[in-house]
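I have placed the structure first, in the form of structure tokens, so that the comments after it can refer back to it.
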Amino acid sequence: MGQLDKAEKMLADYNDVFADIVNVLLFDGEQVISRDSLQDTRARSQYKADDSKLHEQERDVVKFVADKGVKIALVGFEHQTTADADMPFRIMGYDGAAYRNQMLGESPERYPVVTLVLYFGNRHWNQGRNLHEALNIPDRLKPYVSNYEINVFEIAFLKPEQIAKFTSDFKIVADYFVQRRMNGDYKPDHNTIKHVDEMLKLMAVLTADHRFEEAIESVKKEDVTMCEVLDKVEARGIEKGIEKGIEKGMEKGRAEGRKEGREEILRELKSLGINLEELRAKKASDAAPGKEVK
């Protein structure tokens, strides 16, 4: 699992964030799933391939939804910054492994498996959203190939009214991507960040701007807003610019110093009646092939 998945998992693994994402994206903001109904489970599943060896596959984030202790669903997230042509195969593999675990388990209970693909790209998802779109199937065979659908949610293309329904830190993440796509800029609101460390690490990875992560130590651990964070990020950028400017200035100074030193040496040689160019020409002539040495 890559750095992006790890960073996002740190935020989305919180029950308040997980429940918020599901309630807004699946139920239009209705509080169908509560944070208290979520149970952690391992993100890995095992399967045997054709080589008869035991393999593992890993989801980004996955939780049980339970009612009075009884599992009623398994919900997982997959995070993407680019559209993946193989996503239908990946999701089908994850979901199939989860159903297989139910079959092989000791409990007779069976429950649905739902996977949400959270896509953060600023262009529409341009790969297949089901198995038929991901395969080249002859028309006569198509009716007999099960068409497995996947649930892709384009975060940067959510509507403002959808953004308003989020209540967790994910609202800030989604709002950031929507504003950047629509306006090319981001104006933060004054919502307080609850999970500061995880939130800023996620923003650092998603934006490839590690000043977010560097700002963690300089912001308050509670009651901090994105306005304050961006102030720290901007200050860190200015600080880095000054450091880079000083470094360039020092290098330029060293280069100019070397140039002035060479010029001073040439002036000193000239004052002694020594012509450096004549010395170089004589040396080259003496080293020429066939030159008779006296």
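Applied to the stretch 15-20, the Karplus parametrisation 6.51 cos²θ - 1.76 cosθ + 1.60 on θ = phi - 60° returns per-residue 3J(HN,Hα) values of 4, 5, 6, 4, 4, 4 Hz, with x for Gly and Pro.
Amide hydrogen proximity for V61: with H placed 1.01 Å from N in the peptide plane, the residues at 5 or more positions away or on another chain lying under 5 Å are F77. Each label was represented as a point 7 Å from its Cα along the Cα-to-Cβ direction; for N136 and D28 these points are 4.2 nm apart.
Multiplying the sequence separation of Y148 and E277 by 0.36 nm and subtracting their Cα-Cα distance, what value in nm do you get?
On the way: separation 129, 0.36 × 129 = 46.44 nm, distance 8.03 nm.
The Y148-E277 span can extend by a further 38.4 nm.
What do you get for trypsin sites (Lys or Arg not before Pro) in the stretch 93-153 restricted to DSSP loop and a cutoff of at most 13 other Cβ within 10 Å of the site's Cβ? Intermediate values should be presented prior to the final figure.
On the way: sites: R100, R110, R123, R129, R140; in loops: R110, R123, R129, R140.
Answer by residue number: R110, R123, R140.
For the stretch 89-146, the percent of C-alpha pairs falling in each 10 Å distance bin, counted from 0 to the bin holding the largest distance, reads 17, 35, 31, 15, 2.
DSSP assigns beta bridges within the stretch 3-190; of those with both partners inside it, close to 60 percent run antiparallel. Between the amide H of T192 and any residue lying 5 or more places away or on another chain, no distance stays under 5 Å, with hydrogens modeled in the peptide plane.
If I take every Cα pair under 8 Å that is 6 or more residues apart in the stretch 78-224, average their sequence separation and divide by the length, what percent do I get for the relative contact order? Provide the component values of the computation, followed by the final result.
Values: 164 pairs, mean separation 28.4, N = 147.
Result for the stretch 78-224 is 19 percent.
Couplings for the stretch 144-161, taken from phi via the Karplus curve 6.51 cos²θ - 1.76 cosθ + 1.60 with θ = phi - 60°, read 9, 9, 4, 9, 7, 8, 10, 9, 9, 10, 7, 4, 5, 10, 5, 7, x, 5 Hz in order; Gly and Pro are left as x. For the stretch 190-229, GluC sites (Glu not before Pro) are listed when DSSP marks them as loop and at most 14 other Cβ atoms sit within 10 Å of their Cβ; the list is E222.
Just list whichever of K71/K201; K71/K159; K63/K194; K63/K159; K71/K171; K68/K171 have alpha carbons separated by over 23 Å in the model shown.
On the way: K71/K201 32 Å; K71/K159 32 Å; K63/K194 21 Å; K63/K159 27 Å; K71/K171 28 Å; K68/K171 29 Å.
Over 23 Å apart, Cα to Cα: K71/K201; K71/K159; K63/K159; K71/K171; K68/K171.
Would you please name the GluC sites (Glu not before Pro) within the stretch 78-159 that are DSSP coil residues with at most 14 other C-beta atoms within 10 Å of their C-beta? Passing both the DSSP loop test and the Cβ count: E106, E109.
Using a Förster radius of 35 Å, what is the FRET efficiency between E106 and N183 based on their Cβ-Cβ separation? Nearest 0.05, please.
Efficiency at R0 = 35 Å is approximately 0.05.
The stretch between T41 and H124 holds 26.7 nm of extra length on full extension. This uses 0.36 nm per residue minus the Cα-Cα distance.
Values quoted throughout were computed directly from the atomic coordinates according to the rules given, and no laboratory measurement underlies them. As the structure is a prediction and not an experimental result, all values here were calculated from the model. Every residue, glycine as well, gets a Cβ built from its backbone with ideal geometry; the counts of neighbours run over all protein chains shown.
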